[in-house]
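Okay, so here's the structure we're looking at.
The values are calculated or read from the model by the stated rules, or taken from the named source; none is laboratory data. A quick note: this is a predicted structure, and the numbers were derived from the prediction, not measured. Neighbour counts run over all protein chains shown; Cβ positions are idealised from the backbone, glycine included. Only protein heavy atoms, including side chains, enter the accessible area calculation; ligands, DNA and RNA are left aside. Shrake-Rupley method; radii C 1.70, N 1.55, O 1.52, S 1.80 Å.
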Amino acid sequence: MNYGIVSQEQLEQIDVILTEKLIKLGVDCVIIIDMAGNIITARDNGESKYDVYSFAALAAGNFATVDAMAKLVGEQEFSLLFHKGQDSNIHFSKIDDELLLISMFGKDISLGFLRLNVVDVIEKIRKIWNKK
């Protein structure tokens, strides 16, 4: 999947999916980034106070670090990461080799329920990108 040339219509479709399947679920903020930390798109609940640009750069570095650790233990990759805090959580999931979906959410959302929705979102995003 090459996301290099994405139409405005495709981005709008992806934003609708992110809003319907994650933001309305209760996710505070969701970002799609490339592995260099560039933001492809971001959606939030209107109350999010995250600096998504700084977050995207740090998230890309975090994922690259964990990718290197996976190789050290003999894994090809770890395709998802989860960081749990007292009030805030972060879920990272690979869309493909070039893109990450990052969801930031509070303690009111079950991780299992979020993961089910993320799997569905990724599948829908892949279909949109493959329509080029």
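Report whether or not residue 46 is at pLDDT below 90 and exposed (fewer than 14 other Cβ atoms within 10 Å of the Cβ).
Working: at pLDDT below 90: no; exposed (fewer than 14 other Cβ atoms within 10 Å of the Cβ): yes.
No, not satisfied.
If a residue has to be open to solvent by 10 Å² or more (accessible area, probe 1.4 Å) and in contact with a His (Cβ under 8 Å, 6 or more places away or on another chain) to count, how many in the range 104-127 make the cut?
The total comes to 2.
What's the number of the only condition in (1) in contact with a helix residue (DSSP H, G or I) (Cβ under 9 Å, 6 or more places away or on another chain); (2) assigned to a helix (DSSP H, G or I); (3) among the hydrophobic types (A, V, I, L, M, F, W, C); (4) open to solvent by 40 Å² or more (accessible area, probe 1.4 Å) that residue 22 fails to meet?
Against the list (1) in contact with a helix residue (DSSP H, G or I) (Cβ under 9 Å, 6 or more places away or on another chain); (2) assigned to a helix (DSSP H, G or I); (3) among the hydrophobic types (A, V, I, L, M, F, W, C); (4) open to solvent by 40 Å² or more (accessible area, probe 1.4 Å), residue 22 comes up short only on (4).
Looking at the structure I just gave you, is residue 120 over 18 Å from residue 22 (Cβ atoms) and assigned to a helix (DSSP H, G or I)?
Taking the combined requirement at face value, the residue does not satisfy it.
Looking at residue 94 and the list (1) surrounded by 12 or more Cβ atoms within 10 Å (Cβ to Cβ); (2) at positive phi; (3) not polar (S, T, N, Q), which single condition is not satisfied?
Unmet condition: (2).
Residue 101 versus (1) open to solvent by less than 80 Å² (accessible area, probe 1.4 Å); (2) part of a helix (DSSP H, G or I); (3) at pLDDT 95 or above; (4) not small (Gly, Ala, Ser): which is the lone unmet condition?
Going through (1) open to solvent by less than 80 Å² (accessible area, probe 1.4 Å); (2) part of a helix (DSSP H, G or I); (3) at pLDDT 95 or above; (4) not small (Gly, Ala, Ser) one by one, residue 101 breaks only (2).
Applying the selection to the range 49-65, what residues are part of a helix (DSSP H, G or I) and either surrounded by 15 or more Cβ atoms within 10 Å (Cβ to Cβ) or charged (D, E, K, R) (or both)?
Initially, the range 49-65 is screened for residues part of a helix (DSSP H, G or I), giving 52-65.
52, 55, 56, 57, 59, 60, 62, 63 - these are the residues of the range 49-65 that are part of a helix (DSSP H, G or I) and either surrounded by 15 or more Cβ atoms within 10 Å (Cβ to Cβ) or charged (D, E, K, R) (or both).
Please work out which residue is nearest to residue 26 (Cα to Cα), limiting yourself to the range 80-91 and to residues that are open to solvent by 10 Å² or more (accessible area, probe 1.4 Å) and in contact with a His (Cβ under 9 Å, 6 or more places away or on another chain). Steps first, answer last, please.
In the first step, residues of the range 80-91 are kept if they are open to solvent by 10 Å² or more (accessible area, probe 1.4 Å); the result is 80-88, 90.
Add one more test, that the residue is in contact with a His (Cβ under 9 Å, 6 or more places away or on another chain), and what stays is 80-83, 90.
Working: 80: 20, 81: 19, 82: 17, 83: 17, 90: 13 Å.
Result: 90.
Per-residue answers, yes or no, for (1) in contact (Cβ under 8 Å) with a residue 24 or more places away in the chain; (2) closer than 15 Å to residue 99 by Cβ; (3) polar (S, T, N, Q):
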| residue | (1), (2), (3) |
| --- | --- |
| 5 | yes, yes, no |
| 11 | yes, yes, no |
| 14 | yes, yes, no |
| 21 | yes, no, no |
| 27 | yes, no, no |
| 31 | yes, yes, no |
| 35 | yes, yes, no |
| 39 | no, yes, no |
| 42 | no, yes, no |
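Does residue 37 fit the bill of being assigned to a loop (DSSP other than H, G, I, E, B) and within 14 Å of the chain's Cα centre (by Cα)? Spell out the reasoning first.
Details: assigned to a loop (DSSP other than H, G, I, E, B): yes; within 14 Å of the chain's Cα centre (by Cα): yes.
Considered against the rule, which asks whether it is assigned to a loop (DSSP other than H, G, I, E, B) and within 14 Å of the chain's Cα centre (by Cα), residue 37 comes out as yes.
Among what's in the range 49-79 and is modelled with pLDDT of 90 or more and of a type in the set (S, T, N, Q), pick the residue that is farthest from the chain's Cα centre (by Cα).
This residue is 76.
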